[in-house]
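The values are calculated or read from the model by the stated rules, or taken from the named source; none is laboratory data. Just so we're clear, the structure is a prediction, and the values are computed from it rather than from any experiment. These area figures cover heavy atoms from the full protein model, side chains too; ligands, DNA and RNA do not enter into them. Shrake-Rupley method; radii C 1.70, N 1.55, O 1.52, S 1.80 Å.
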Amino acid sequence: MANRVSVVVRPVRASDKPQWAEMWTAYLAFYETTRPAEIFDLYFNRLLGDDPQDFNCLVAEVDGTLVGLVHYVYHRHGWSEENVCYLQDLYADPALRGKGVGRALIEGVYAAADAAGAPGVYWLTQDFNETARKLYDRIGTKTPFIKYTRQ
């Protein structure tokens, strides 16, 4: 794809909080919701923590600027011995959508899940999220529940 950008995907750092907060605010706005400041602080602190039940965060960087984020968590599943990975939030700067940011973040979650011994990765989206679903249809398998699982 000729219009792709060079994306660096890495774990979130404490110094990323202001940019992370801007992106998460934009993500929440897309879904027509907000969260109080206390939740932002709690969530970000959990993303930096080491509790295996807490969410993890990867960010996407282009030319030193954060342009995307993904939050994910591992949990047990009754049908398998291994944990599975739930990808909860995915955001890419609208100006860079279609340029590989979302794909790079999902592939970053795939790699993290593999390293954690959790080969199953799944996520949900709303049916009206047509732009994102174009990517999801290429990188995942659509289920009857509009739930995507790793190919």
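Numerical summary
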read-out: Contour minus Cα-Cα distance for Lys142 and Ile39 (0.36 nm per residue); value: 34.0 nm
read-out: Per residue accessible area in Å² of the range 16-62, where ligands, DNA and RNA are left out and the probe is 1.4 Å; value: 59
read-out: Size descriptor, Kirkwood hydrodynamic radius, that averages inverse alpha-carbon separations across the chain, Å; value: 15.9
read-out: Bridge type composition, the range 2-151 - antiparallel percent by DSSP, nearest 5; value: 85
read-out: Using alpha carbons only: equivalent-ellipsoid semi-axes of the range 63-151, gyration tensor based, whole Å; value: 23, 16, 10
read-out: Rounded percent of accessible protein surface that carbon and sulfur make up, the chain, 1.4 Å probe; value: 51
read-out: Residues of the range 77-151: accessible area per residue with a 1.4 Å probe, Å²; value: 55
